[in-house]
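Asks: One structure, pasted below without further comment.
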Amino acid sequence: MGFVLSILYFLTYYLTPTTIFGSLANYRVELILALVLFVVSIPSLGGSSLGKTVQSLALVGLAAATFMSVLVGAHWPGGGWTAFLLFIPNAFAYYLVCLHFKSRMKLQVLVLLVLFVCLFVIGQGAAELHKGLPTSKQAHAMNMENFYFIGMNNDKDQWFYRLRGMGEINDPNDFAQLIVSVLPLLFIFWRRKKFVRNFLFVLVPVGILLWGDFLTHSRGSILALLAVVIVAFRRRIGTVPALILAGALFFGASALHFTGGREISASAGEDRTALWGDGLQLLKAHPIFGVGFGNMPDYVGKTAHNTIVVCAAELGLFGLYFWSLFLFPSVRDALAVASANKAVEAKPIKVETAHYGYAPKKIDVPDREEINRIGRLLVLSFTGFLVAGWFLSRAYVMTLFILGGMTEVLFDMALKRGMISPRIPFLRVLRYSGVMTVGLVVLMYIVLRIVNLTH
C-alpha cells in the first residue's frame, strides 16, 4: 500500500491536488494522503537503512533551519511553523523512496511516474497550441492563470510563449529543470540489441521531452543539457571531443531559437548576478539563520535565481550546512556506485533457510553492470539538476530529494551484495559537508568578483 500511495503522493505534488482530486482538493485531501502514508510507512522502517544515512539527519536539520530562519530572521514564531509545513512535504519524498522503492522495478516505476508528469504537461501544452494561443493584447486582457503557456517579451521586445506546469512546477524554468533531470533516467529502460524497444520506450520519450524543453525556452536548461552531454560522452570519446560536441549542440540550439530570442551571455545575466550579490549581502547581515525561508524577495524585490545563494540568504550558514550535508553524501554515493573502479564483482548470496515448512526464498544476485549503469544515470541526473539549479532558486524542491532517495536505494542494493565499500564514516561526512558549505560561499564570491571585473 505504501508503494501505491507514494505514487499518488508524487503525482499530487507535481500535477496539483486539483488535477488529481478535482473538487475534493478543497478538503485538503493531500494532507490526509500524507498522514495516511506516514502511518502505513511506519512498519517499513524496521527493515530499512534510513537510520544509517547521513541524509536523514540532514533533512531533520534542514527542517529545523526552515523553522529557525523565520523564528529568528523574521522574528515570527507562527511563520516558522508555516515554513516548516511547507518544507516537510518535499523532504518526505526522500523517506518514501527509501522505504517503498527498494527494487530496480520500483525505481523504473518511479522514473515512469516522473516521465508521465512531463508528458502530461507537454500534452496539455500541445492541446493549447492546437487551439491557438492568444496574441499579446488578448493575453493581457484575459486571465491566463490556468494556461500551460505563459507569455512574455524577449530581448527584442517580441511576444512569445513558454511552457510550464502547474503548482510546484508552474515556472517554465522549474519545469525545464524537471525535464533535464529525468532525461538521463529514461535510459534505465535501454537494453542492448533491442532496437524496437529502445526506439519506442527510450528514444521517442527523449524526443518528446526535448521538444517540451524547447517549448520552455529556458536558458538554464540549455546549459544543463550541455553539461549532461559533456559528462555522459567524456568517458566514451574523451573530454575535448565531448566539449566540441557540446559546443556544436549549443550553436545548433541557438540557430533553432531555443531561448525564444533571449541571449545567453554575461551581459544578459547582469540582473541575476546583481541578485546574487544582494543574496550574499543578506548572508553577511544575517549569517547564522538567514532572513527567513522564502523571505528573500521581501528584502531585495526578487529571489536570487541561484540555488546556493537563496539557501544561504534565507537559511543562513546553519541551513546551508544541512543542505550540503544532504547533497554531499548523495552525490558521493552516486559517483561511488557509478565508478567501475570501486564496484567489484558480487559475492554469491546464499539462499535463505526455510522456516515453518515454506520453500526457501531465493535472492537474485544483482547484475554488476546494471547497478553500475544506473549509478551513472543518476550522476547525469544530478548534473542536470544542479547545473539548472545554478540559475534557479530551487534548493528545497522534491526532485532533489527523490534523486537522493533513488541514490541511496541503489547504494544499499550494491552494499548488501558486496559490490561497493561502506559509506564514508559519519564524522568525516560532517567535516566534508562543513568544508563544502564554506567552499560554496567562497565560490559564489569568486564568481561575482570575476563577473564584476569583466564589466
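Asks: Against the 2.2 N^0.38 Å scaling, with N counting residues, where does the chain land? I'd like the Cα-based Rg ratio to two decimal places. Could you put the intermediate results ahead of the total?
Replies: Numbers: Rg = 22.5 Å, N = 455, 2.2 N^0.38 = 22.5 Å.
Relative to the 2.2 N^0.38 Å estimate, the chain comes out at 1.00.
Asks: What number, rounded to the nearest 500 deg cm²/dmol, is the helix-based mean residue ellipticity at 222 nm of the chain, given -39500 (n - 2.57) per DSSP H run of at least four residues and division by all its residues?
Replies: Values: 18 runs with 294 residues, N = 455.
It lands at -21500 deg cm²/dmol.
Asks: If you don't mind, another one. Return the equivalent ellipsoid semi-axes of segment 1-47 as a descending list in whole Å, where each equals the square root of 5 times an eigenvalue of the C-alpha gyration tensor. Walk me through the intermediate numbers first.
Replies: Numbers: eigenvalues 100, 23, 8 Å².
Each semi-axis is the square root of five times an eigenvalue, giving 22, 11, 6 Å.
Asks: Further question: Considering just Cα atoms, how many Å³ per residue does the convex hull of segment 33-90 enclose? Write out the running numbers ahead of the final one.
Replies: Numbers: hull volume 4.9 nm³, N = 58.
Cα-based convex hull of segment 33-90, divided per residue, equals 84 Å³.
Asks: Could I ask something else about it? What list of ³J(HN,Hα) values in whole Hz, one per residue of segment 398-412 in order, does the Karplus curve 6.51 cos²θ - 1.76 cosθ + 1.60 (θ = phi - 60°) give from phi, with Gly and Pro shown as x?
Replies: 5, 4, 4, 6, 5, 4, x, x, 4, 4, 6, 4, 5, 4, 5
Asks: Each label point is 7 Å from the Cα along the Cα-to-Cβ direction; what then is the distance between the points at ASN146 and VAL60, in nm?
Replies: 4.4 nm
Asks: Ok, one more. Equivalent-ellipsoid semi-axes (√(5λ), Cα gyration tensor) for segment 279-329, whole Å, largest first? Walk me through the numbers before you get to the answer.
Replies: Details: eigenvalues 65, 25, 12 Å².
Its equivalent ellipsoid spans semi-axes of 18, 11, 8 Å.
Asks: Treating only the Cβ atoms of Lys and Arg (+1) and Asp and Glu (-1) as charged, compute the dipole magnitude of the chain about its Cα centre; round to the nearest 20 debye. It would help to have the intermediate numbers written out before the result.
Replies: Numbers: 39 positive and 24 negative charges, 356 e Å.
About 1700 debye.
Asks: What whole-number distance in Å separates the alpha-carbon centres of segment 120-163 and segment 191-251?
Replies: 26 Å
Asks: How far is helix 77-100 tilted off the main Cα axis of the chain, in degrees rounded to 10, range 0 to 90?
Replies: 40 degrees
Asks: Right, another one. What spacing in nm lies between the two simple spin-label points modelled at ARG197 and ALA274, each 7 Å away from Cα in the Cβ direction?
Replies: Placing both labels 7 Å along Cα→Cβ, they lie 5.5 nm apart.
Asks: Starting from 0.36 nm per residue, how many nanometres of slack lie between ILE450 and LEU35 once their C-alpha separation is accounted for?
Replies: Values: separation 415, 0.36 × 415 = 149.40 nm, distance 4.85 nm.
Contour length minus Cα-Cα distance gives 144.6 nm.
Asks: Calculate, in nm to one decimal, what THR239 and PHE426 gain on full extension: separation in residues at 0.36 nm each, minus their alpha carbon distance. Write out the running numbers ahead of the final one.
Replies: Details: separation 187, 0.36 × 187 = 67.32 nm, distance 3.38 nm.
Net length gain for the segment: 63.9 nm.
Asks: I'd like to know which of GLY294, LEU62, SER433 lies farthest towards the positive end of the charge dipole of the chain, counting +1 on Cβ of Lys and Arg and -1 on Cβ of Asp and Glu.
Replies: Value computed over the given set: SER433.
Asks: Next question, about the same structure. Kindly express, to the nearest 10 degrees and within the range 0 to 90, the angle between helix 2-15's C-alpha long axis and the longest C-alpha principal axis of the chain.
Replies: Approximately 10 degrees, to the nearest ten.
Asks: Once you place label points 7 Å from the Cα toward the Cβ at VAL4 and ALA25, how far apart are they in nm?
Replies: Reported label-point gap for VAL4 and ALA25 is 2.4 nm.
Asks: Right, here's the next one. Rank these for me by crowding, LEU377, LEU112, going from fewest to most other beta carbons within 10 Å. Could the numbers behind the result be given before it?
Replies: Working: LEU377 22, LEU112 19.
Result, fewest neighbours first: LEU112, LEU377.
Asks: To continue, here is another question. Taking only Cα atoms, what is the 0 to 90° angle, nearest 10, from helix 204-216's long axis to the longest principal axis of the chain?
Replies: 30 degrees
Asks: Within a Cβ distance under 12 Å of MET398, other residues only, what is the Lys/Arg minus Asp/Glu net charge?
Replies: On the way: positive: ARG394; negative: GLU168, ASP174.
Summing Lys/Arg as +1 and Asp/Glu as -1 gives -1.
Asks: Separate question: What is the fewest-to-most order of SER49, SER433, SER254 by other Cβ atoms lying within 10 Å of their Cβ? Let's see the in-between values first.
Replies: Details: SER49 16, SER433 21, SER254 13.
The fewest-first ordering by Cβ neighbours comes to SER254, SER49, SER433.
Asks: What FRET efficiency, computed as 1/(1 + (r/R0)^6) with R0 = 51 Å and r the Cβ-Cβ distance, is obtained for LEU335 and ASP157, rounded to the nearest 0.05? Spell out each step's value before the answer.
Replies: On the way: r = 45 Å, r/R0 = 0.88.
Here the calculated transfer efficiency is 0.70.
No value in this document is a laboratory result; all are computed from the given coordinates. These numbers were taken from a predicted model, which means no experiment stands behind them. Here the Cβ is made from the backbone with ideal geometry for all residues, glycine too, and neighbour counts use every protein chain on show.
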